[in-house]
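Below is one structure; the comments refer to it alone.
The values are calculated or read from the model by the stated rules, or taken from the named source; none is laboratory data. The model shown is predicted, which means the values in this text are computed figures rather than measured ones. Cβ: placed from backbone, ideal geometry, glycine included. Neighbour counts: every protein chain shown.
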Amino acid sequence: MRFESASELIDWIHRARLNGEKNGLANMQALCGALGNPQKRLTCVHVAGTNGKGSVCAMLESVLRISGLKTGLYTSPFLTRYQERIRIGGALIGDDLFLEAGNRLWEAASRLPVHATAFELGTALAFCAFEMAGVQAAVIEVGLGGRLDPTNVIDPVLSVIAPVALDHMEYLGSTIEDIAREKAGIIKPGRPAVLSPRPAQALSVWQRIAGERQSPVLVGDENVSDCRVTAYGSQFDLDSARFGHLKLHLPLPGRHQIENAALAVRALEALDMPLTGEQVAQGLFRTRWPGRLEWIDESILLDGAHNPHGAQALASFLKETLSGRRIVLLTAMMRDKQPAETARILAPCVGEAVATQLNQARSMDAESLAEAYRAQGCKTLPVGSVEEALREARRRAGRDVLLVAGSLYLVGAVRGILGAEE
């Protein structure tokens, strides 16, 4: 069998959600082995974390691309098109390469007695495509955790861990220390690791494990000054041991993105690649990361905050840059993402809300989510359909700000409805 279209290939990958069986790293090792282990011929940077890891990946890829390298970027989830997960040279993977790599993957998988998951298939496809395209530097985002994540079959030249918080606790553990140990699974013996200083209890776990593995450690620091934060981005100075005094302009809104940028610069310092301070500045200036505090126009703001940690960053942004403006929230959430706590954080920041639900088994129903916001004193209307909920939220917002937040899946659906997909 050969796939003749991207949609056929994507359907095959998604069907693995029904019969795929996670088996540690065994499935990935078998898949990659059948493909000739393309991941072993890639120069990779591996990035884990709870919130912020995708932004750090986007920043690193942008700088490496500006430096003249042919880059690959593998992230998840996608917003509107599956191919968003696999980027080469800053662009979505082309259909021809996507199909060629996908057909190679199908032929390899069909010879194996394993039932790979959809994420494992997608990850193996990305490795295959990156090798076929001659990618010189691949930035790989961890999907879930680190130690047993399908991406953890790579041997990265550098591992980066962004801040962690309580999330996916049914898989990763119930404490920050438990989750930190899982994330530390990407730290490789003798290879450098760049670590977020937050939270402190996680950093102590990472430093201990890095020491056991004799991995050189760099900790993201606070050498940031003269910060000027607006609703549309920020400017700040950063003193780098390698690149000197940098005057940076970041188009990604939110003070938390300054912290992500500082971590990304620390990671670039650790890379044994010919980079200049000008390339770092230009790469950060040109970073794009859709769906994360993304303005569709002057009145519609999308953000992928999907748990309390992300909600705190969003709330801080709203208070710092949109204070005094009326905000209407359109939200949907997964039941396992602590919706009551997220509502407690976001409800004081908005005038009213419209709650909806997604076409996913994990999605919280609109009425229950509305009740979580009502419990915080926020007038909230439940609307079952995302499209209808968006129309109602836009009507209620009028000329004021419409904020769409609570799930990246919701952000992707709204981007699609508004025609904002890439």
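I need the strands (runs of 3 or more DSSP E) fully contained in the stretch 308-422, keeping only those with at least 1 residues that are touching a Cys at 6+ places or on another chain (Cβ under 6 Å). Working first, answer last.
On the way: elements: 327-331, 352-355, 380-382, 401-405.
Once the strands (runs of 3 or more DSSP E) in the stretch 308-422 are filtered for at least 1 residues that are touching a Cys at 6+ places or on another chain (Cβ under 6 Å), what remains is 352-355.
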Could you tell me whether any residue of the stretch 344-359 is surrounded by 16 or more Cβ atoms within 10 Å (Cβ to Cβ), closer than 20 Å to Asp297 by Cβ and without any contact (Cβ under 8 Å) to a residue 60 or more places away in the chain?
-> yes
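From the set of residues in the stretch 304-343 that are among the hydroxyl-bearing types (Ser, Thr, Tyr) and surrounded by fewer than 24 Cβ atoms within 10 Å (Cβ to Cβ), which is nearest to Arg396 (Cα to Cα)? Give the derivation first.
So the first thing to find is which residues in the stretch 304-343 are among the hydroxyl-bearing types (Ser, Thr, Tyr), and the list is 316, 321, 323, 331, 342.
From what is left, the residues that are surrounded by fewer than 24 Cβ atoms within 10 Å (Cβ to Cβ) are 316, 321, 323.
Values: Ser316: 23, Thr321: 21, Ser323: 19 Å.
Across the stretch 304-343, the extreme among qualifying residues is Ser323.
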Sole miss for Pro199 among (1) free of Cβ contacts under 8 Å to residues at least 40 places away in the same chain; (2) buried (at least 19 other Cβ atoms within 10 Å of the Cβ); (3) touching a Pro at 6+ places or on another chain (Cβ under 9 Å) is condition (2)
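Could you check the stretch 52-80 and list, in sequence order, the residues that are among the charged types (D, E, K, R), within 15 Å of the chain's Cα centre (by Cα) and more than 23 Å from Gly254 (Cβ to Cβ)? Walk me through how you get there before you give the answer.
Here is the first cut: in the stretch 52-80, the residues among the charged types (D, E, K, R) are 53, 61, 65, 70.
Still in the list and also within 15 Å of the chain's Cα centre (by Cα): 53, 61.
Once the filter is applied, which keeps residues that are among the charged types (D, E, K, R), within 15 Å of the chain's Cα centre (by Cα) and more than 23 Å from Gly254 (Cβ to Cβ), the stretch 52-80 yields nothing.
Would you point out the residue of the stretch 364-382, among those that are surrounded by fewer than 22 Cβ atoms within 10 Å (Cβ to Cβ) and out of contact with any strand residue (DSSP E or B) (no Cβ under 6 Å at 6 or more places or on another chain), that is farthest from Ala347 (Cα to Cα)?
Keep residues of the stretch 364-382 that are surrounded by fewer than 22 Cβ atoms within 10 Å (Cβ to Cβ), which gives 365, 367-368, 371, 374-379, 381-382.
Among the residues that remain, those that are also out of contact with any strand residue (DSSP E or B) (no Cβ under 6 Å at 6 or more places or on another chain) are: 365, 368, 371, 375-377.
On the way: Asp365: 18, Ser368: 15, Glu371: 12, Ala375: 9, Gln376: 6, Gly377: 7 Å.
Here the residue is Asp365.
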Can you find even one residue in the stretch 85-92 that is aliphatic (A, V, I, L, M), within 24 Å of the chain's Cα centre (by Cα), in a helix (DSSP H, G or I) and buried (at least 24 other Cβ atoms within 10 Å of the Cβ)?
-> no
Before we move on, is Glu341 more than 29 Å from Gln83 (Cα to Cα) and of a type outside the set (Gly, Ala, Ser)?
-> yes
Where residues in the stretch 65-84 are hydroxyl-bearing (Ser, Thr, Tyr) and part of a loop (DSSP other than H, G, I, E, B), which of them is surrounded by the most Cβ atoms within 10 Å (Cβ to Cβ)?
-> Thr75
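One line per residue, one yes/no per condition, for (1) buried (at least 16 other Cβ atoms within 10 Å of the Cβ); (2) over 21 Å from Glu21 (Cβ atoms):
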| residue | (1), (2) |
| --- | --- |
| Pro113 | no, no |
| Thr117 | yes, no |
| Glu131 | yes, yes |
| Val135 | yes, yes |
| Glu141 | yes, yes |
Any chance Thr356 is at pLDDT 95 or above, within 30 Å of Leu73 (Cα to Cα) and of a type in the set (Ser, Thr, Tyr) | no
Any chance Gln39 is in contact with a Cys (Cβ under 7 Å, 6 or more places away or on another chain), in contact (Cβ under 8 Å) with a residue 40 or more places away in the chain and either outside the structural domain of Ala108 (by TED's automatic domain parsing) or part of a helix (DSSP H, G or I) (or both) | yes
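What residue, of Asp272, Asp226, Asp239, Asp221, is assigned by TED's automatic domain parsing to the domain that holds Gly190, charged (D, E, K, R) and touching a Ser or Thr at 6+ places or on another chain (Cβ under 9 Å)? Give the steps one after another, and end with the answer.
Numbers: Asp272 fails: touching a Ser or Thr at 6+ places or on another chain (Cβ under 9 Å); Asp226 fails: touching a Ser or Thr at 6+ places or on another chain (Cβ under 9 Å); Asp221 fails: touching a Ser or Thr at 6+ places or on another chain (Cβ under 9 Å).
Exactly one residue qualifies, and that residue is Asp239.
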Among Arg191, Arg213, Arg147, Arg228, the single one that is of a type in the set (Lys, Arg) and under 25 Å from Gln282 (Cα atoms) is Arg228
Just give me the residues in the stretch 103-157 being touching a Gly at 6+ places or on another chain (Cβ under 6 Å) and either outside the structural domain of Leu64 (by TED's automatic domain parsing) or more than 26 Å from Val56 (Cβ to Cβ) (or both), in sequence order.
-> His115, Ala116
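Tell me, yes or no, whether the stretch 156-173 has at least one residue that is of a type outside the set (Ser, Thr, Tyr), surrounded by fewer than 18 Cβ atoms within 10 Å (Cβ to Cβ) and in a helix (DSSP H, G or I).
Of the stretch 156-173, the ones of a type outside the set (Ser, Thr, Tyr) are 156-158, 160-170, 172-173.
Narrowing further to those that are surrounded by fewer than 18 Cβ atoms within 10 Å (Cβ to Cβ): 168-170, 173.
Remaining after also requiring in a helix (DSSP H, G or I): 169-170.
Yes, because at least one residue in the stretch 156-173 is of a type outside the set (Ser, Thr, Tyr), surrounded by fewer than 18 Cβ atoms within 10 Å (Cβ to Cβ) and in a helix (DSSP H, G or I).
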Taking the stretch 368-403 only, how many residues are within 27 Å of Arg17 (Cβ to Cβ) and touching a Gly at 6+ places or on another chain (Cβ under 9 Å)?
-> 1
